[in-house]
1. Looking at the stretch 2-40, which of the residues that are over 21 Å from the mean Cα position of the chain (by Cα) and on the phi > 0 side of the Ramachandran plot is nearest to the ligand (Cβ to nearest atom)?
2. Looking only at residues in the stretch 145-179 that are touching a residue at least 12 places away in the same chain (Cβ under 8 Å) and of a type in the set (Gly, Ala, Ser), which one is farthest from Phe244 (Cα to Cα)?
3. Name the residues in the stretch 308-332 that are aliphatic (A, V, I, L, M) and buried (at least 21 other Cβ atoms within 10 Å of the Cβ), would you?
4. Output the strands (runs of 3 or more DSSP E) that fall wholly within the stretch 382-433 and possess 1 or more residues being aromatic (Phe, Trp, Tyr), or say none.
5. If the requirement is being more than 12 Å from Asn382 (Cβ to Cβ) and surrounded by 22 or more Cβ atoms within 10 Å (Cβ to Cβ), which of these qualifies: Gln22, Gln71, Gln37?
6. Check the stretch 212-229 and report whether any residue there is crowded, with 21+ Cβ neighbours inside 10 Å and either assigned to a helix (DSSP H, G or I) or of a type in the set (S, T, N, Q) (or both).
7. For the stretch 386-414: of the residues being of a type in the set (Phe, Trp, Tyr) and crowded, with 24+ Cβ neighbours inside 10 Å, which is farthest from the ligand (Cβ to nearest atom)?
8. Which residue pairs have Cβ atoms under 7 Å apart, sit 6 or more places apart or on different chains, and have a first residue in the stretch 300-326 that is more than 26 Å from Ile371 (Cα to Cα) and without any contact (Cβ under 8 Å) to a residue 60 or more places away in the chain and a second that is assigned to a helix (DSSP H, G or I) and not small (Gly, Ala, Ser)?
Amino acid sequence: MVQATFNFPKGFLWGTATAAYQVEGGNENNNWWLWEQEPGRIHNGERCGLACNWWGGRWREDFDRAADAGQNAHRFSIEWSRIQPAPDRWDEDALDFYRQMARRLVERGMTPLVTLHHFTDPIWLAERGGWENMETPGLFATYANKVAEALKEYVNLWVTINEPNVYTWGGYLGGGFPPGKNNLGTAFQTLANLLRGHALAYREIHKIQAAARVGVAHHVRGFEPARPWFPPDQWMTKILNNNFNYAFPAALTDGRLRFAFRALSIPEATATQDFFGLNFYTSERVAFAPFSKGNFFTERFYPPGAELSPTGYIASQPEAFFKAMRWAARFKLPVLITENGVEDSSDLSRPRYLLQHIHQVWRAVNYNWPIKGYFHWSLVDNFEWERGWSQRFGLWGLDIETQTRIRRKSVDLYAAICKENAISSEMTARFAPEIFAKLFPG
Ligand code: FCB
């Protein structure tokens, strides 16, 4: 049997990613909480509830588990509505709560990566039109300033906004997120304001911390023409790529937002990324569908034969991950994989998903693309937005009734990867023998 070790560079960041609303519980002052109250919005009418009860203090033991399992970094997010519960009120205790979290990570030798906005908006902000409102970027910058000031002792790695494309598609192009709109004009305005908000926050953070590294977590979805020889499929793929994957990072490069066949200069956004945050899950095929107006004249589906996650949400496409990293590397910035993972409550396919995706990261690193770290989504099962509790992305499982953490075997696999800073034939034979020959051909 082949024996081999694929090593990662010294100092590579290995962690998991979480988001405030999904793990904290008890967030009743933001637009997602309101959204949950509306019938039909969340799968099976489920509620976020206590989530993983981080607000009740369970973050501490989850962080300890992550540290004991060899992780040297963690990405978590701050809930804006806790820091600024009303437009004229700042909650120092909430700031202190997050400062404790960051401090604990540092004490455990872990690098904190802090996200300022991960999908949720305070109710007071949503009532003013959320990110459609031209005043929101400035309000976001003030909030960013508060948080950076409070956490600067422990944190210098920041994500301003998580997945602006998913936020906009979800909320403004019929994707099942609040405020449940479906309008290209408002989507454009939202995306433009997210850019402005990011640019202002980028400067605020740098004013406080000259050495801060600030970026965005971009959701990149692989798109391939369903019939590669068929020009309409090629065009639709290109249009989707340009609008969904490329519009936001391109505007952060050259200050011009090109979206929905419109263009707008936002010069202050030019060159406002210190790293490229890449969230990657899957890739799909795109076919031109002239009668499918609601779906932008496309039909999209997973490649026949691809391995699907239990609810069919994700197709495992490691090669597409490699392509996404190649594409991200073109921005000539350090790249952090800010999210990657799969829902799999029985943990049958996660070990091979993990190994195959991290194998692609290893390949990318050896092409000398500047990939500096990998954050698995997620540390522990958590509330998956409009999909409720139906999807389990945690290395650790969660029994939501008892708050018991369940150690899946992926915990031990990922711990071995983090501790050895490598993937090896030995761990593949142990955790996912079915893909051994793929990763380690004789
Ligand atoms: C990403 C989100 C994250 C989580 C994963 C599964 O799009 O950033 O909050 O829902 O998907």
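The numbers here are math on the coordinates, done by the rules we state, and not lab data. In this text, all values refer to a predicted model and were calculated from it rather than measured experimentally. A quick note on method: Cβ atoms are made from the backbone with ideal geometry, for glycine too, and the neighbour counts reach across all protein chains shown.
1. Gly26
2. Ala150
3. Ile314, Ala315, Ala320, Ala324, Met325, Ala328, listed by residue number.
4. By residue number, 396-399.
5. The unique qualifying residue is Gln71.
6. Checked the stretch 212-229: no residue is crowded, with 21+ Cβ neighbours inside 10 Å and either assigned to a helix (DSSP H, G or I) or of a type in the set (S, T, N, Q) (or both).
7. By that ranking, first place goes to Tyr414.
8. Qualifying pairs under 7 Å: none.
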